[in-house]
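*Asks:* So that we are looking at the same thing, I have put the structure below in structure tokens.
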Amino acid sequence: ADVDVMTQEALDWYNNREGLLDEQVLEMEKEVASRGPVRILCIGNSYSADMVESWLSNIAKTSNVQLVVGNAARAGYGLRTYWQNLETGSAVIEYRKLKDGNYTSSGGHTLAEIIYDEPWDYITFQQNSGESGLYSTYAPYLRNLIDYVKGIHPKAKLGWVMTWAYAQDFDGSGFMNYQNTQMVMYDSIRNAVRQMLVDYPEIEFVVPCGTAVQNLRSSFLGDRVNRDGSHLNIYIGRYLAAYTFLATMFGEEVAIGNSYLPYFTNDFTMRVIRNAALDAVRNPLAVTQQVYPDYMGDNSIFPNDININ
């Protein structure tokens, strides 16, 4: 009950900046900071890059969250290709890492190198986007990967990053797996995640980026979170995914208390973005419609490129 009361007051902050209980938020942030750095490895691809590489550092810093985030980011890789990499030891993976507030990136790594690099507290898996909703593609590779990482980091908590459906106007070949229809793809992804959680009890949590994106699409912002029909745009899309990641890993109370306002948006639209993420964390396998009767038609949150010679 106390959490519900605090959550409502925090949500009111987005309207008038007076509802947030500053002392409670500070106490939560102190408790999170006292844990020391939390080490999270994402075994992913360009979609995990969308999630952790643009805004996560600033969001985490504002909440006094100390992070070490490793991202195995071979484009197009999924469960099968990552397992094959462990079998062959091919040094073709790009390793992108957030540590001490700085990002580094280097190519020519094997997945095994990256898994051994830190004493990871959390390790997340994901499927490549085109096969995310095709559950038959998960086996036997997810089982093999789980057994491998648990053999190295037996205390690490394992999670799943739920990817998002393509934009409705996307013309890539993978969309044909879903009748070139966004909601068919979303339904296929969430059904796959639902079954995966039954079959692989070692997966303890889901980062519901796919549902967060679909939630946001139901708002006045519409189907405008992608930059190429597949990947998230640098502004709203990537912020949404990073905020969803933070709320999943550290709790929605810490996320609600976050005061970071990026340059590209305003208070009202930030409330919409964050609510879409928080609703996904609360209900990760169902779309929560985002309705805002007080929306006055302000589209200034979509910045135009400025070209400077």
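*Asks:* When the Karplus curve 6.51 cos²θ - 1.76 cosθ + 1.60 is applied with θ = phi - 60°, which whole-Hz ³J(HN,Hα) does each residue of segment 150-156 get, with x for Gly and Pro?
*Replies:* Taking θ as phi minus 60°, the curve returns 5, x, 9, 10, x, 8, 5 Hz for segment 150-156.
*Asks:* Oh, and also: Run the numbers for S106 and F205: contour at 0.36 nm per residue of separation, minus the present Cα-Cα distance, in nm.
*Replies:* 32.8 nm
*Asks:* Could I ask something else about it? Show the residues, 5+ positions off or on another chain, whose built amide H is closer than 5 Å to the amide H of L232.
*Replies:* Residues meeting the criterion, in which the H sits 1.01 Å from N, are R227.
*Asks:* Work through the residues other than F175 whose Cβ is under 13 Å from its Cβ and net out their charges, Lys, Arg +1 and Asp, Glu -1.
*Replies:* Counting the neighbours of F175, the net charge comes to -4.
*Asks:* Under 13 Å from the Cβ of R143, count the other residues' Cβ atoms, weight Lys and Arg +1, Asp and Glu -1, and hand me the total.
*Replies:* With Lys, Arg at +1 and Asp, Glu at -1, the net is -1.
*Asks:* Only loop residues by DSSP count here, and only those with at most 10 other Cβ atoms within 10 Å; note down the chymotrypsin sites (Phe, Trp or Tyr not before Pro) in segment 187-264 that meet that.
*Replies:* Filter output for segment 187-264: Y263.
*Asks:* What does the charge count near A212 come to, summing +1 for each Lys or Arg and -1 for each Asp or Glu among other residues with Cβ under 15 Å from its Cβ?
*Replies:* Local net charge: +3.
*Asks:* Quick query: amide H of C42 versus all other amide H atoms, modeled in the peptide plane; which residues come in under 5 Å with a sequence gap of 5 or more or a different chain?
*Replies:* G70, N71, A72, T124
*Asks:* Right, next: Using a simple spin-label model with points 7 Å from Cα along the Cα→Cβ vector, what separation in nm is obtained for L261 and Y295?
*Replies:* Label at L261, label at Y295, 2.0 nm between them.
*Asks:* List, in order, the whole-Hz ³J(HN,Hα) value for each residue of segment 91-106 obtained from phi through the Karplus relation with A = 6.51, B = -1.76, C = 1.60 and θ = phi - 60°; use x for Gly and Pro.
*Replies:* With the stated coefficients, segment 91-106 comes to 8, 10, 9, 8, 10, 10, 9, 9, 8, 6, x, 10, 9, 10, 8, 8 Hz.
*Asks:* Leaving ligands, DNA and RNA out of it, work out the accessible area of D187 with a 1.4 Å probe and give it in Å² to the nearest 10.
*Replies:* 50
The values are calculated or read from the model by the stated rules, or taken from the named source; none is laboratory data. Predicted model, so just to flag it, every value in this text is computed and none were measured. Backbone-built Cβ (ideal geometry, glycine too); neighbour counts: all protein chains shown. Note: areas computed on protein heavy atoms with side chains; ligands, DNA, RNA excluded. Shrake-Rupley method; radii C 1.70, N 1.55, O 1.52, S 1.80 Å.
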